[in-house]
Each structure stands twice: as structure tokens, then as C-alpha cells.
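What follows is a set of notes on a single structure, which appears directly below.
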Amino acid sequence: MLAAGSGSRFGGLKQLADLRGRPLIEYPIEAMAAVPAVERIVVVLGADADRIRAGARLDPAEVVVAERWEDGISASLRAGLGTFLEADAVVVMLGDQPFITSQVIAAVVDFEASRVPAARATYKGEVGHPVLIKRELFGRIARLTGDEGARDLLEQAGVARVECGHLASPHDVDTPADLEEIERVASCRRGRG
């Protein structure tokens, strides 16, 4: 789970932003922990890692700190993958998507047994997270640089797309307005439930 950024667009530490009485980062960890096929959860932190550790319940996740987190998402991917060298596949999630459900994660994980080297969730046809990456791509991902993720690499490798729009909302939190919108959506869902 990638959560190393400083939250510059958010104006501060978005990992600890309050959503329904809990830090934002706890939601995707909880979803990942609910998937039986997921054997380990690693959260990649960077900016203010100690404050995040102190301010959120990160169990059962292990914490890895991307020392060069300022270099962008590629540094976070490398730090996370470095802990999974013996894994057959990893699932990459973002720490700012509180509505990604365990059903979405399980749907993407199901592609681990297929012949494709990677699979990713889509939402009404738009690519998103989580992303399953098999070991055969680890070396190529480890060579990525800058603030670009693995999107182009995955497309070239032949990523499978798993439509998940019926299972969850891919909304993420980049700004305080995004958090307000997510809170509004969550309140509407509670009102219907």
C-alpha cells in the first residue's frame, strides 16, 4: 500500500485526515486485511512516517519507509517490492482510497492464477487500483524512476482489466474538497443503509 507522499495538494498529512472518526489510511488497510488470499500487508510510508505510525492503527500491516519518497511513486514502488522478493505476486493499493472494498481486491487477486503478468481494477472502463503485479515484472518495476507509476509498463506487458465499478467507488483524496465529497458520499450511504 503506497502512502509515502507529503500530501502537498491536501495541505498536510492526508494519511491521518479524519474520515468518520478514523484516519483515512486505516480504511484500505482494513479492506486488504479482509481478503484471505492476501498473506502480508506492507504500508510504504515516507513523509512524516513517525507521525503516521503514532496517529493511526496500521496493524496488521508492516511498515516500510521509502527513504527517497520525494523522488515520487517509483521510489515507493521500489521500497514496497523490496520486501516481497520471494512473492509470486503483489497487489498495489493506494492509501488514500477509502472505498476500495475487499471484494475489489479479491477480484483482482483472482487473476494471480491466470497467465497474464498483471491485472488492474477498472471503474466504468477507467483504470485504477488495486493492481496485481506478478514476479516476472518485479525487475522492470524496480528500474522505474520519477513520479510516474507502472501504468505504461503494465500496458506494454499486457495487463488484464477487471471491471469493478459495480463493487466500489475509486474516489481518492487529493484535496480537502475531495475529503468533504467522500464524507458526503459516506453519509448518504449510511442514510440508505
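The values are calculated or read from the model by the stated rules, or taken from the named source; none is laboratory data. Worth saying up front: this structure is predicted, and the values here are computed from it rather than measured. Note that each Cβ is placed from the backbone with ideal geometry, even for glycine, and that neighbours are counted across all protein chains shown.
Points worth noting:
- Strands (runs of 3 or more DSSP E) enclosed by region 78-193 - at least 1 residues per element that are within 17 Å of the chain's Cα centre (by Cα) and over 16 Å from residue 1 (Cα atoms): 118-123, 126-134, 160-163
- Of all residues in region 32-54, those that are touching a helix residue (DSSP H, G or I) at 6+ places or on another chain (Cβ under 9 Å) and closer than 24 Å to residue 102 by Cβ total 13.
- Of all the listed residues (92, 104, 63), the sole one being modelled with pLDDT of 95 or more and closer than 21 Å to residue 152 by Cα is 92.
- Any hit, region 3-11, residues being buried (at least 22 other Cβ atoms within 10 Å of the Cβ) and hydrophobic (A, V, I, L, M, F, W, C): yes
- Subset of region 30-76 that is in contact with a Gly (Cβ under 8 Å, 6 or more places away or on another chain) and over 14 Å from residue 6 (Cα atoms) - its residue that is surrounded by the most Cβ atoms within 10 Å (Cβ to Cβ): 43
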